[in-house]
Each structure stands twice: as C-alpha cells, then as structure tokens.
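The values are calculated or read from the model by the stated rules, or taken from the named source; none is laboratory data. Since we're looking at a predicted model, the values are computed, not measured. Because the Cβ atoms are built from the backbone with ideal geometry, glycine has one as well, and the counts that use them run over all protein chains shown. What goes into the accessible areas is simple: the full protein's heavy atoms, side chains included, and nothing from ligands, DNA or RNA. Shrake-Rupley method; radii C 1.70, N 1.55, O 1.52, S 1.80 Å.
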Amino acid sequence: MMNILGTLFVGLIVGFIARAIKPGDDKLGWIMTALLGVAGSFLATYLGVAMHWYQQGEAAGWIASVVGAIVLLFIYGLIRRKV
C-alpha cells in the first residue's frame with residue numbers, strides 16, 4: 001500500500017513540475033496531474049529501455065520522467081484542441 005502511495009506522490013510532483021515548465025493552461029486537477037506524472041514516468045522508462053539507456057527493470061530518473069510528462073501534456077493539448 002505504501003508503494004502505491006509513494007508512486008502517486010512522486011507522480012504528483014513530476015506532474016506539477018511538468019505543468020510548471022510547459023506553457024499554457026492545461027486545466028487538470030490533482031488526480032489527473034498525479035496520473036500524468038506516473039504515466040510520464042512509465043513513458044520515459046519504456047522509451048529508455050527501448051533505446052538501451054536503461055536496463056530492463058530499471059526506472060527512469062526525475063528528469064526523464066518530467067520530460068515524459070511534458071510529452072504527454074503536449075499530446076493532450078493537441079487532442080483537446082482538435083475536439
């Protein structure tokens with residue numbers, strides 16, 4: 001249970017950092033910001049393993065997680081603009 005809470009807390013921090021870096025109004029709440037950060041971490045880990053930057057089972061770092069979250073925010077903005 002603490003591992004899940006820790007993951008969500010780190011995701012919230014990563015999501016807040018990504019939203020602060022990316023310009024624009026994203027209109028996301030606390031829960032979506034935390035999920036954005038967690039998803040950004042997963043994206044960064046997946047891409048890092050695929051590009052052989054990380055070993056299998058190794059997690060991405062803070063900077064890579066924030067970059068992954070910014071990429072997801074950019075994609076979210078493109079989708080929201082088209083709808």
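Some notes on this structure:
- Summary value for the chain: 34 percent relative contact order, contacts being C-alpha pairs under 8 angstrom separated by 6+ residues.
- Residue of Leu12, Leu28, Leu73 that the Gaussian network model of the chain assigns the largest fluctuation, springs spanning Cα pairs under 10 Å: Leu28
- The share of accessible area on the chain that comes from carbon and sulfur is 74 percent, using a 1.4 angstrom probe.
- Rounded to 0.05, the FRET efficiency of the Arg80 and Leu8 pair, given R0 = 22 Å and the Cβ-Cβ distance, is 0.40.
- Taking all protein chains together and rolling a 1.4 Å probe, Ile79 ends up with roughly 100 Å² accessible.
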